[in-house]
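Participant: Once you've had a glance at the structure underneath, I'll fire off some questions.
A short reminder: the numbers here are calculations on the coordinates, not readings from a lab. Predicted model, so just to flag it, every value in this text is computed and none were measured. When we count neighbours, we look across all protein chains shown, and the Cβ atoms used for this are built from the backbone with ideal geometry, even at glycine.
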């Protein structure tokens, strides 16, 4: 069985969180695509987040995890793509609801507001929570504009 492929992206503020999560994912047997950033040098997050969204849209990855200072910029950028449902979370309950109710396929983590340990707990929850479907499916169908 092929390992689940996860695509990661971050700006400079989320770089260290991305690196920690990447190492954990690899240790757990996930296949990881890292779209950058590759240092703490100041960068523009859209340059790294659009490739994350495209990897999911093309099927190169199943889920994405993105990081920036607030989580807002990376979520907004990812959500410009019609097939992406990026959700910001700052605790595991929100990551779970994003998957259960919204079928989120990208988790946006606000690195300046959570510890790496909390980010890891959210990632574990996100990856291990399934979409409930049912009454939520109709709502999810209405999210996409095109």
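Participant: Shape of segment 76-146 from its Cα gyration tensor (a ≥ b ≥ c, root eigenvalues): rounded if a/c is under 1.5, otherwise prolate when a/b > b/c, or oblate?
Facilitator: Verdict is oblate for segment 76-146.
Participant: Quick one: check the C-alpha center-to-center distance for segment 69-106 versus segment 1-25, whole angstrom.
Facilitator: 15
Participant: Same structure again: Using a Förster distance of 35 Å, how high is the FRET efficiency between residue 24 and residue 138, based on the Cβ-Cβ distance and rounded to 0.05?
Facilitator: Once the sixth-power term is evaluated, E becomes 0.50.
Participant: Mind telling me which of 89, 13, 31 comes out most flexible in a GNM of the chain, alpha-carbon contacts under 10 Å?
Facilitator: Comparing 89, 13, 31 in a Gaussian network model of the chain, the most mobile one is 31.
Participant: Quick one: length gained pulling residue 54 to residue 117 fully straight, 0.36 nm per residue minus the C-alpha distance?
Facilitator: 19.9 nm
Participant: Determine how many Å³ per residue the convex hull of the Cα atoms of the chain encloses.
Facilitator: Here the figure is 98 Å³ per residue.
Participant: A further question follows. What's the angle, to the nearest 10 degrees (0 to 90), between helix 46-57's Cα axis and the longest principal axis of the chain?
Facilitator: For helix 46-57, the angle is close to 40 degrees.
Participant: On C-alpha positions alone, give me the angle between the axis of helix 92-102 and the longest principal axis of the chain, in degrees, nearest 10.
Facilitator: Taking Cα atoms only, the helix is inclined about 40 degrees.
Participant: Rounded to the nearest 500, what is the chain's calculated 222 nm mean residue ellipticity when only DSSP H runs of at least 4 contribute -39500 (n - 2.57) each, over all residues?
Facilitator: One gets -13000 deg cm²/dmol as the mean residue ellipticity at 222 nm.
Participant: Equivalent-ellipsoid semi-axes (√(5λ), Cα gyration tensor) for segment 8-76, whole Å, largest first?
Facilitator: Output for segment 8-76: semi-axes of 18, 15, 9 Å.
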